[in-house]
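Notes follow once the structure below has been shown.
The values are calculated or read from the model by the stated rules, or taken from the named source; none is laboratory data. What you see is a predicted model, and the numbers here were worked out from it, not measured in a lab. Using ideal geometry, Cβ is built from the backbone for each residue, glycine included, and neighbour counts are taken over all protein chains shown. To get the accessible areas, we keep the full protein, side chains included, count just its heavy atoms, and leave off ligands, DNA and RNA. Shrake-Rupley method; radii C 1.70, N 1.55, O 1.52, S 1.80 Å.
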Amino acid sequence: MASGLRKNLTSYGDKGFSLFLRTAFIKAMGFSDDALDRPIIGITNTYSDFNPCHGNVPDMIEAVKRGVMLAGGLPMAFPTISIHEAFSHPTSMFLRNLMALDTEEMIRAQPMDAVVVIGGCDKTLPAQMMAAASVNLPTIVLPTGPMLVGHHRGEVLGACTDCRRLWGKHRAGEIDADEIAAISGRLAPSKGTCMVMGTASTVASMVEALGMCLPGGGTCPAAHSERLRIAEASGTTAVRLAAENVRPSDILTPAALRNAFTVLQAIGGSTNALIHFTAVAGRLGIPVDLEEFDAIGRDVPVLVDLKPSGEHYMEHLHHAGGIPALMRELAPLLDTSCRTVGGVTLAEVIAKAEEVPGQEVIRPRSRPLMTGGGLAVLRGNLAPSGALIKAAAASERLLRHEGRAVVFETVGEMVEHIDDEDLDIVPEDIIVMRNAGPIGAPGMPEAGYIPIPRKLARQGVKDMVRISDARMSGTAFGTIVLHLTPESAAGGPLGLVRTGDRIRLDVPARRLDLLVDEEELAARRAAWVPPAPPEGAERGYLRLYREQVLQADQGCDFRFCLPNSQG
Ligand code: FES
């Protein structure tokens with residue numbers, strides 16, 4: 001099989017000429033024949049001035065290159081799309097599949113024997129893993145790493161759990177304009193990803209549990225010199241992966257995915273991770289069974305004490321021994337025979353985990369933060385194909401609750417009217433928002449963290465049951481039911497709820513039900529009209545997205561990206 005520069009030749013109808021032309025052009029960069037004869041290690045460059053979560057990528061690329069050259073390879077960095085949460089209209093989720101397509105096709109198009117994918121901000125590692133799974137070229141993942149914590153008036157701050165909490169205080173009139181401006185300069189004090197157990201930290205931790213990055217890669221802060229040593233070692237490792245032809249399909253097995261979901265529950269991780277890893281697994285034809293996922297949740301205790309469910313931040317998890325130390329606690333629940341890109345089994349990674357005396361960030365299984373159910377899958381007549389709640393971040397008293405529905409038709413309507421002084425709402429009501437799913441919004445925005453109506457917030461109401469087909473930032477908290485599937489814009493029963501209906505949430509029983517009789521629901525279903533498509537839906541990527549995106553229980557991937565797709 002062809003390797004190095006001879007791989008993936010441009011089609012000119014003459015292979016010799018294709019290689020000659022390629023060699024001639026690349027020599028314009030000053031490469032020698034010796035360099036060009038080495039195994040080529042591609043490195044994705046996702047640096048962007050719009051993406052501070054990837055602000056350390058240039059330094060990481062230099063370190064990866066050093067590692068590749070120390071092992072006798074030729075490193076070649078190349079650009080792919082970069083996505084930052086706060087700079088992605090309408091949502092970063094809308095762009096995740098575009099990044100997966102871009103990354104997949106650029107890895108396929110260019111000659112490389114292995115690839116180091118560098119990502120971090122929420123959707124980037126999932127997109128890169130989806131691409132890697134589809135191409136199935138030897139791949140190592142290199143997360144950018146979390147930010148350091150911020151400080152304000154003696155308080156430790158974390159993006160973005162404290163962004164929401166402090167903005168809520170500002171909305172309630174407790175923090176004035178000057179102070180909120182000062183806070184905006186302190187919430188994200190360094191390059192790197194959000195340092196609470198949000199989506200980025202969750203995904204990076206799961207990538208490490210999967211064995212797709214080196215130990216420490218999921219937790220080491222972006223600003224630490226150790227991060228650069230991990231980058232250097234990732235470059236060296238990539239050369240070995242190329243030589244041994246170790247592919248993602250050798251690492252991303254059903255057992256490894258189960259390990260990753262076990263870690264997801266133990267870290268009290270982001271609800272988004274279920275969607276992303278369902279998509280990654282789907283690229284390899286591995287189905288994710290929601291009931292099995294829920295069963296893992298019932299068995300696996302929450303052991304990691306991090307915001308938003310707990311107290312600490314990612315740098316503290318790293319100093320406490322990180323994911324290897326967590327996996328040592330979880331070892332009886334893991335398949336430790338799984339391989340890792342480091343060339344050792346998970347058992348060998350765990351055997352080298354650091355013991356940190358007195359640390360309180362990773363709890364022993366005998367003293368968990370929660371005994372189980374960090375994330376729970378709900379079913380019922382409101383969610384025939386499932387819904388998700390982060391029980392670890394919910395109010396205990398609301399986990400069993402019945403209330404009157406107060407319905408918002410869209411995210412826009414909710415934003416416009418949630419703070420109306422004459423909004424007919426009481427703390428026991430259940431706020432319902434629809435048309436916020438993969439097709440409806442489009443892009444399934446992180447709008448599920450519906451704010452408490454201002455008039456109730458002023459009365460001291462901190463939490464209410466909130467239900468939608470949207471997603472939620474992994475950094476948010478509250479009794480929030482998400483990912484109702486099928487979504488309302490696809491004809492799901494969420495579209496049939498009316499203000500005044502009764503809804504019952506029963507997390508221990510894993511149920512979410514609309515208490516309206518079947519005859520009435522059938523009449524509403526017959527009268528239901530799908531929402532009008534958004535502006536621009538007749539062409540381009542928006543059209544492709546709306547035609548191809550799958551529902552949350554299938555990872556919101558594109559139908560035509562699944563293996564053997566007929567889509
Ligand atoms: Fe990039 Fe939070 S905004 S990880």
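A few remarks follow.
- The listed peptides 517-527, 361-371, ordered by packing as a protection proxy, come out as 361-371, 517-527 (highest mean of other Cβ atoms within 10 Å first).
- Under-5 Å amide H pairs with ILE430, H placed in peptide plane, nonlocal only: ARG404, ALA405, VAL406
- Tail fraction, Cα-Cα pairs, segment 142-211, threshold 21 Å, whole percent: 32 percent
- Three semi-axes describe the equivalent ellipsoid of the chain; taken as square roots of 5 times the Cα gyration tensor eigenvalues and ordered largest first, they are 40, 27, 22 Å.
- Exceeding the 29 Å Cα-Cα cut-off - candidates LYS191/LYS307; LYS191/LYS462; LYS169/LYS307; LYS27/LYS123; LYS7/LYS191: LYS191/LYS462; LYS27/LYS123; LYS7/LYS191
- Cα point-scatterer Debye curve for segment 438-567, base-10 log of I(q)/I(0) at q = 0.16, 0.17, 0.19 Å⁻¹: -0.99, -1.08, -1.23
- Packing-based ranking of 295-301, 197-203 yields 197-203, 295-301, ordered from highest to lowest mean Cβ neighbour count within 10 Å.
- Net charge, THR91 excluded, C-beta distance under 12 Å - Lys, Arg +1, Asp, Glu -1: 0
- Probe 1.4 Å - accessible area at PHE87, Å² to nearest ten: 130 Å²
- Share of Cα-Cα pairs in segment 1-108 lying beyond 22 Å, as whole percent: 45 percent
- The calculated FRET efficiency for GLU409 paired with ARG298, based on their beta-carbon distance and R0 = 30 Å, is about 0.30.
- Cβ-defined net charge surrounding ASP59, 15 Å radius [Lys, Arg +1; Asp, Glu -1]: +2
- Cross-link partners of LYS65 among aspartates and glutamates (Cα-Cα below 14 Å; sequence separation of 8 or more within a chain): GLU232
- Note on surface exposure: GLU244, GLU155 rank GLU244, GLU155 by accessible area, highest first, 1.4 Å probe.
- Peptides 437-448, 184-195 ranked from most to least packed, by the mean per-residue count of other Cβ atoms within 10 Å: 437-448, 184-195.
- With N counted as the residues of segment 364-452, its alpha-carbon radius of gyration over 2.2 N^0.38 Å works out to 1.28.
- Segment 90-232: mean projected area of Cα convex hull, nm²: 10.0 nm²
- Put a dot 7 Å past the Cα of ALA526, heading toward its Cβ, do the same for SER395, and the two dots end up 4.0 nm apart.
- Volume in Å³ per residue [convex hull over Cα atoms, computed for segment 283-387]: 143 Å³
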